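Just so it is clear, none of the values below were taken in a lab; they were calculated from the coordinates. Predicted model, so just to flag it, every value in this text is computed and none were measured. We place every Cβ from the backbone using ideal geometry, glycine too, and count neighbours over all the protein chains shown.
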């Protein structure tokens with residue numbers, strides 16, 4: 001029963017703060033479901049289930065994640081900008097890892113804009129294509145010669161005896 005009360009509390013607070021618009025703004029701004037869950041003292045999975053139980057909220061979450069990708073990229077830029085000439089190698093390394101993770105998350109939230117697509121390289125060798133064409137022609141000519149050899153010609157002997 002305590003779970004249902006918590007779910008009602010979560011949904012009521014979202015509704016009281018503006019409902020779909022509030023939820024969209026939070027997620028699109030880069031607030032994670034885990035961060036929201038911390039405020040309620042429960043698990044991320046529980047808050048996610050509660051939010052996704054309302055179709056309008058679920059739709060808002062999906063749309064907001066696309067926007068959140070931009071927020072993650074902007075956060076990465078802010079982190080890099082915060083580095084200065086006095087930054088230590090450890091600070092630079094840690095920042096690099098944080099930025100890379102934000103890039104990964106941005107790619108998973110908005111595949112079209114930030115996702116990495118597998119590279120497919122196509123190599124065409126004109127030499128190979130030419131050789132294949134020659135082999136094909138050679139096979140066809142050989143088949144025609146074989147067909148000619150097998151052909152019998154009906155004839156009448158018209159020689160004078």
*Only one of (1) under 29 Å from residue 69 (Cβ atoms); (2) in a helix (DSSP H, G or I); (3) out of contact with any helix residue (DSSP H, G or I) (no Cβ under 6 Å at 6 or more places or on another chain) fails for residue 107. Which number is that?*
(3)
*What single numbered condition from (1) more than 26 Å from residue 7 (Cα to Cα); (2) under 20 Å from the mean Cα position of the chain (by Cα); (3) in a helix (DSSP H, G or I); (4) free of Cβ contacts under 8 Å to residues at least 24 places away in the same chain fails to hold for residue 70?*
(4)
*Give segment 50-66 a look and list any residue that's surrounded by fewer than 17 Cβ atoms within 10 Å (Cβ to Cβ) and free of Cβ contacts under 8 Å to residues at least 40 places away in the same chain, or say none.*
52, 55, 56, 58, 59, 62, 63
_Please determine whether any residue of segment 131-153 is out of contact with any strand residue (DSSP E or B) (no Cβ under 6 Å at 6 or more places or on another chain), assigned to a loop (DSSP other than H, G, I, E, B) and surrounded by 10 or more Cβ atoms within 10 Å (Cβ to Cβ)._
no
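Considering only residues that are part of a loop (DSSP other than H, G, I, E, B) and under 26 Å from the mean Cα position of the chain (by Cα), which ones fall in segment 1-34?
Once the filter is applied, which keeps residues that are part of a loop (DSSP other than H, G, I, E, B) and under 26 Å from the mean Cα position of the chain (by Cα), segment 1-34 yields 29, 30, 31, 32.
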*Please work out if residue 30 is at positive phi and surrounded by fewer than 16 Cβ atoms within 10 Å (Cβ to Cβ).*
no
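For segment 10-24: of the residues being surrounded by 13 or more Cβ atoms within 10 Å (Cβ to Cβ) and in contact with a helix residue (DSSP H, G or I) (Cβ under 8 Å, 6 or more places away or on another chain), which is nearest to residue 109 (Cα to Cα)? Give the derivation first.
Looking only at segment 10-24, we keep the residues that are surrounded by 13 or more Cβ atoms within 10 Å (Cβ to Cβ), and these are 10-11, 13-15, 19-20, 22-24.
Remaining after also requiring in contact with a helix residue (DSSP H, G or I) (Cβ under 8 Å, 6 or more places away or on another chain): 10-11, 14, 19-20, 22-24.
Numbers: 10: 24, 11: 24, 14: 22, 19: 22, 20: 19, 22: 19, 23: 16, 24: 14 Å.
Looking at the filtered set, the residue picked out is 24.
Out of curiosity, is residue 90 assigned to a helix (DSSP H, G or I), within 15 Å of the chain's Cα centre (by Cα), free of Cβ contacts under 8 Å to residues at least 12 places away in the same chain and loosely packed, with under 10 Cβ neighbours inside 10 Å?
Numbers: assigned to a helix (DSSP H, G or I): yes; within 15 Å of the chain's Cα centre (by Cα): no; free of Cβ contacts under 8 Å to residues at least 12 places away in the same chain: yes; loosely packed, with under 10 Cβ neighbours inside 10 Å: yes.
No: the conditions fail for residue 90.
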_Can you find, within segment 110-123, the residue that is farthest from the chain's Cα centre (by Cα) among those that are surrounded by 13 or more Cβ atoms within 10 Å (Cβ to Cβ) and assigned to a helix (DSSP H, G or I)?_
114
